[in-house]
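The values are calculated or read from the model by the stated rules, or taken from the named source; none is laboratory data. Here the structure is a predicted model, which means the values were calculated and not measured. Every residue, glycine as well, gets a Cβ built from its backbone with ideal geometry; the counts of neighbours run over all protein chains shown.
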Amino acid sequence: MTRPLIGIGMLAAALSCGPLAYASAPPSSQPPLVATRVAAAPTIDGALDDEAWRGPAQPMGEWRSYNPLNGDTIPQQTRVWIAYDDRYLYFAFQCDDQDPDHIKASVARRDTVFSDDWVGLSLDALGTGQVSYHMMVNPAGVQMDMLNSASSFEDLAPDWTWDSAGWRTPSGYSVEIRLPLESIRFKGGDNIRMGILFWRHVSRSGVSVSWPGMNSGQWVFDVHAGLIFNHLESRLAREVIPSATYNRTRSREDTPAWSGVLGGPQAGVSASVGLTSTTSLDATVNPDFSQVESDAFQVEVNQRFPVFYSEKRPFFMQGSDVFKLAGLGNGDASMLAAVHTRQIVDPIAGAKVTGTVGRFTFGTLNASDEAPGKLAAENDEPGAGRNRQFNIGRVQYGLGPSSFVGAIVTDTRFAGDDNHVLGGDLNLKLTETQHASAMLLQSWSDRRGDKSQGVGMQANYSHSTKRSTQSAQFEHYDPDFAMDTAFYTRVGFTSGSGYLDYNFYPDKAKYPWLQRISPFTLVQRARDQVQGGDEITSVTGVRFAMTRQGFVGVNAAFGQEPYAGHEYPVRKLRTFGFVQLFRWLQANAFFVNGTAIYYDPDDPYAGRDRSLSVGLTLQPTGRFTEDVSYTHEVFHRADDGRRVYDLDIINTRTTYQFTRFVFVRGTVQYDSSRAQVLTDFLASYEMRPGSVLYAGYGSLLERRSDVNGAWTSGVGPYETTRRGLFLKASYLYRF
């Protein structure tokens with residue numbers, strides 16, 4: 001019992017001294033911008049010929065680069081206009097370019113054109129420095145949006161309703177944005193002040209610039225300029241999304257004969273109601289949680305830890321930033337998410353309340369999941385036919401831009417299998433270049449009479465300048481720690497790590513294609529109680545940032561990894577890279593070669609692993625895209641050189657976008673380790689988030705054959721073992 005008390009005491013001490021240690025970010029040195037109230041709404045067609053844009057552009061200084069270089073200017077000039085009326089905010093951009101023929105613009109799906117040229121904004125509608133709406137538009141008018149928060153940075157999953165259009169001009173391109181007031185949370189009244197930042201990306205150079213400029217170690221909350229509206233009336237969000245789906249599936253898993261038809265029509269409804277201008281209630285009954293996007297095959301052979309798949313279901317994506325803890329999401333950490341909603345597999349209903357009151361941001365999530373009861377019925381286990389209940393509560397208190405203190409409680413219950421977690425987290429922007437975060441979780445579990453408890457904690461520190469970045473991380477998870485809502489890879493683990501890099505900026509006149517050289521080193525020391533040994537990792541390498549969005553890295557890793565009571569040496573060489581070779585061709589590659597472990601819990605052994613992945617994205621026209629990736633991995637035993645496995649994975653995706661809203665797509669995925677081929681074909685009309693029409697057909701082919709009357713896997717030709725038809729229609733109605 002000593003360790004939990006010590007851990008809670010450490011967090012309490014951090015919270016008590018946090019406001020004293022925290023140095024709030026100074027107000028932006030930029031004078032505030034003032035939006036213009038208009039009587040006639042502009043037409044959102046991309047052409048800046050409306051009355052709203054005939055006045056002077058907003059007074060701004062130079063736009064400065066933040067990636068991959070910091071503080072440079074670019075020859076491309078950008079002008080911005082801002083207007084509003086009783087229902088909308090309007091933004092217009094004139095993006096000049098000395099070489100407009102080399103501007104890259106694709107007609108593609110939402111959130112898929114970050115390698116194009118684009119322009120956009122970051123809007124802190126509440127002015128609290130905790131949450132901002134990021135909206136970007138390419139020259140074809142295709143939208144990209146991300147919800148940015150102090151706890152999770154940018155999240156691509158949420159989508160909200162807004163309108164945009166792009167227009168190619170002889171001198172570059174122009175963009176218009178119309179943002180409904182119902183789509184954002186803000187406080188209405190007189191002299192409303194929001195935070196604003198604008199940014200632009202030039203694809204052929206790979207450079208991104210912003211106004212106001214961001215120095216190394218800064219993010220949008222540190223530099224937002226003020227944006228003044230003389231008067232804005234709050235508009236409460238009220239929307240309903242009825243949906244109807246039809247699916248029809250057949251399979252033949254145990255015999256060559258097809259099973260009966262499964263599935264049928266279903267109807268559901270989701271609703272969102274603004275309780276106040278900054279708080280909303282979301283609820284859903286018999287929700288449509290169909291996976292329109294298939295999860296791409298990943299290498300799952302000889303994987304020690306579970307594979308992480310992103311959430312893609314609309315109800316869970318909205319407001320997901322509220323439930324993220326400070327410091328999580330780092331790929332090197334044991335816990336990636338404290339609330340990973342894909343743990344809720346087959347929900348029949350759900351409800352959320354999220355909002356902001358003053359400095360407080362809060363959220364609750366309740367859902368009932370049918371999947372555990374169905375699985376228990378199949379396996380004749382306790383809980384058959386019952387649902388698992390998920391109850392989650394979260395609150396944050398803002399200490400200043402990018403800084404907060406928070407708490408979380410989770411509760412899951414299923415047929416005597418209960419799990420409860422209470423915790424807190426802290427996120428501090430110490431100075432312009434320094435950032436610290438920490439979280440502490442205490443769990444209590446009752447697995448049908450088998451009771452246990454445990455602590456999980458993590459702390460991070462980073463210091464970043466134009467020349468160098470230093471960071472440190474500590475984490476600890478008791479062997480009996482458990483959190484049923486979370487995604488984490490292991491428990492019984494304690495580690496500390498440090499990272500250092502240094503940036504060199506070559507002479508642009510001599511090396512115009514090379515922008516930055518960054519040698520780095522990472523060291524980690526850990527104790528794995530479950531596997532019974534010490535884990536030691538040392539990685540040294542160098543990264544190169546180049547024009548055409550090019551990126552190349554090489555590193556070597558040395559150390560040891562414990563598994564099943566043994567400590568195995570680790571020696572790996574890794575190389576990876578990405579480049580936009582032409583406007584119509586992207587390429588990426590990843591190669592690893594070195595020692596490895598075969599993770600058999602009963603008979604593990606050392607070996608050598610070699611893996612190669614290559615990918616291409618071809619866009620011969622602005623509407624057609626072909627994505628192809630190939631992975632080859634081979635593993636040999638170290639003692640006798642025997643080949644243990646040799647696998648190939650191929651993923652292809654072919655998309656034709658007729659308009660911004662209508663596309664057809666075909667996906668083929670091959671996995672030699674499972675002897676499977678997955679095909680998926682989809683036609684889609686996506687008018688706006690919530691208003692969609694889908695028609696899809698998918699099939700699974702596996703290598704099977706009828707051997708002496710038995711349906712045998714892994715032999716014979718590829719046979720279709722599962723196929724299904726999927727139809728969906730939903731409509732977003734605002735009132």
Looking at Ala283, is it part of a strand (DSSP E or B), at pLDDT 90 or above, outside the structural domain of Pro401 (by TED's automatic domain parsing) and closer than 28 Å to Leu126 by Cβ? yes
Filtering the range 333-382 down to residues that are at pLDDT below 90 and basic (Lys, Arg), which residue is farthest from Val523 (Cα to Cα)? Lys374
Those strands (runs of 3 or more DSSP E) completely within the range 521-582 that have 3 or more residues that are of a type in the set (Ser, Thr, Tyr) are 533-546
Where residues in the range 117-131 are at pLDDT below 95 and under 19 Å from the mean Cα position of the chain (by Cα), which of them is surrounded by the fewest Cβ atoms within 10 Å (Cβ to Cβ)? Val131
With respect to Arg674, determine if the residue is among the charged types (D, E, K, R), closer than 30 Å to Asp163 by Cα and either in contact (Cβ under 8 Å) with a residue 24 or more places away in the chain or outside the structural domain of Trp160 (by TED's automatic domain parsing) (or both). no
His566 fails exactly one of the following numbered conditions: (1) at pLDDT 95 or above; (2) surrounded by fewer than 17 Cβ atoms within 10 Å (Cβ to Cβ). What is the number of that condition? (1)
Can you pull out the residues in the range 400-413 that are over 15 Å from Lys324 (Cα atoms), modelled with pLDDT under 95 and crowded, with 21+ Cβ neighbours inside 10 Å? Pro401
Subset of the range 432-446 [in a strand (DSSP E or B) and either under 29 Å from Lys466 (Cβ atoms) or not small (Gly, Ala, Ser) (or both)]: Gln434, His435, Ala436, Ser437, Ala438, Met439, Leu440, Leu441, Gln442, Trp444, Asp446
Residue ID - modelled with the highest pLDDT, chosen from residues in the range 15-58 that are of a type in the set (Ser, Thr, Tyr) and within 29 Å of the chain's Cα centre (by Cα): Ser28
All but one of (1) of a type in the set (A, V, I, L, M, F, W, C); (2) closer than 30 Å to Ser691 by Cβ; (3) modelled with pLDDT under 95 hold for Ile597; which doesn't? (2)
If Ala545 satisfies every condition in (1) under 20 Å from Ser629 (Cβ atoms); (2) crowded, with 18+ Cβ neighbours inside 10 Å but one, which is the exception? (1)
Which of (1) closer than 22 Å to Leu232 by Cα; (2) crowded, with 21+ Cβ neighbours inside 10 Å; (3) at pLDDT 95 or above is the odd one out, the single condition Phe186 does not satisfy? (3)
Residue that is nearest to the chain's Cα centre (by Cα) [pool: residues in the range 160-177 that are crowded, with 20+ Cβ neighbours inside 10 Å and closer than 28 Å to Asp282 by Cβ]: Trp162
Qualifying positions in the range 447-462 - among the charged types (D, E, K, R) and in a strand (DSSP E or B): Arg447, Asp450, Lys451
Pick out the one residue from Phe229, Phe186, Phe221 that is among the aromatic types (Phe, Trp, Tyr), part of a strand (DSSP E or B) and touching a residue at least 24 places away in the same chain (Cβ under 8 Å). Phe229
Out of all the residues in the range 444-458, is one or more farther than 30 Å from Pro347 by Cβ and among the acidic types (Asp, Glu)? no
Number of the exception - Ser443 against (1) surrounded by 15 or more Cβ atoms within 10 Å (Cβ to Cβ); (2) not assigned by TED's automatic domain parsing to the domain that holds Thr341: (2)
Residue hits (the range 134-158; touching a strand residue (DSSP E or B) at 6+ places or on another chain (Cβ under 8 Å), assigned to a loop (DSSP other than H, G, I, E, B) and either in the same structural domain as Thr356 (by TED's automatic domain parsing) or not hydrophobic (A, V, I, L, M, F, W, C) (or both)) are Asn138, Pro139, Gly141, Ser151, Pro158
With the structure loaded, tell me whether Ser471 is surrounded by fewer than 20 Cβ atoms within 10 Å (Cβ to Cβ) and within 26 Å of the chain's Cα centre (by Cα) or whether it fails that test. yes
Checked the range 494-539 for anything over 22 Å from Asn67 (Cβ atoms), among the acidic types (Asp, Glu) and surrounded by fewer than 18 Cβ atoms within 10 Å (Cβ to Cβ); matches are Asp534
Exactly one of Asp680, Asp639 is surrounded by fewer than 18 Cβ atoms within 10 Å (Cβ to Cβ), in contact with a Phe, Trp or Tyr (Cβ under 9 Å, 6 or more places away or on another chain) and of a type in the set (Asp, Glu), and that residue is Asp639
On the basis of being within 25 Å of Ala459 (Cα to Cα), acidic (Asp, Glu) and either assigned to a strand (DSSP E or B) or touching a Lys or Arg at 6+ places or on another chain (Cβ under 8 Å) (or both), does Asp501 make the cut? yes
Quick check, is Val707 without any contact (Cβ under 8 Å) to a residue 60 or more places away in the chain, at negative phi and within 24 Å of the chain's Cα centre (by Cα)? no
Looking only at the range 341-367, which residues are in contact (Cβ under 8 Å) with a residue 60 or more places away in the chain and closer than 19 Å to Ala407 by Cβ? Lys352, Val353, Thr354, Gly355, Thr356, Val357, Arg359, Thr361
Quick one: is Val220 among the aliphatic types (A, V, I, L, M) and within 22 Å of the chain's Cα centre (by Cα)? yes
Collect the residues in the range 216-239 that are of a type in the set (A, V, I, L, M, F, W, C) and over 18 Å from Phe198 (Cα atoms), keeping them in residue-number order. Leu232, Leu236, Ala237
Flagged in the range 159-178 as part of a loop (DSSP other than H, G, I, E, B) and either farther than 19 Å from Trp199 by Cβ or at pLDDT 95 or above (or both), in numbering order, are Asp159, Thr161, Trp162, Pro170, Ser171
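I'd like to know if the range 195-202 contains one or more residues that are aliphatic (A, V, I, L, M) and modelled with pLDDT under 95. First the steps, then the outcome.
Initially, the range 195-202 is screened for residues aliphatic (A, V, I, L, M), giving 196-197, 202.
This time we only want the ones that are modelled with pLDDT under 95, so: none.
Scanning the range 195-202 turns up no residue that is aliphatic (A, V, I, L, M) and modelled with pLDDT under 95.
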Checking Tyr645 against (1) at pLDDT below 95; (2) under 25 Å from the mean Cα position of the chain (by Cα), which test does it fail? (2)
Considering only residues that are more than 13 Å from Ser205 (Cβ to Cβ) and crowded, with 20+ Cβ neighbours inside 10 Å, look in the range 59-75 and name the one that is nearest to the chain's Cα centre (by Cα). Tyr66
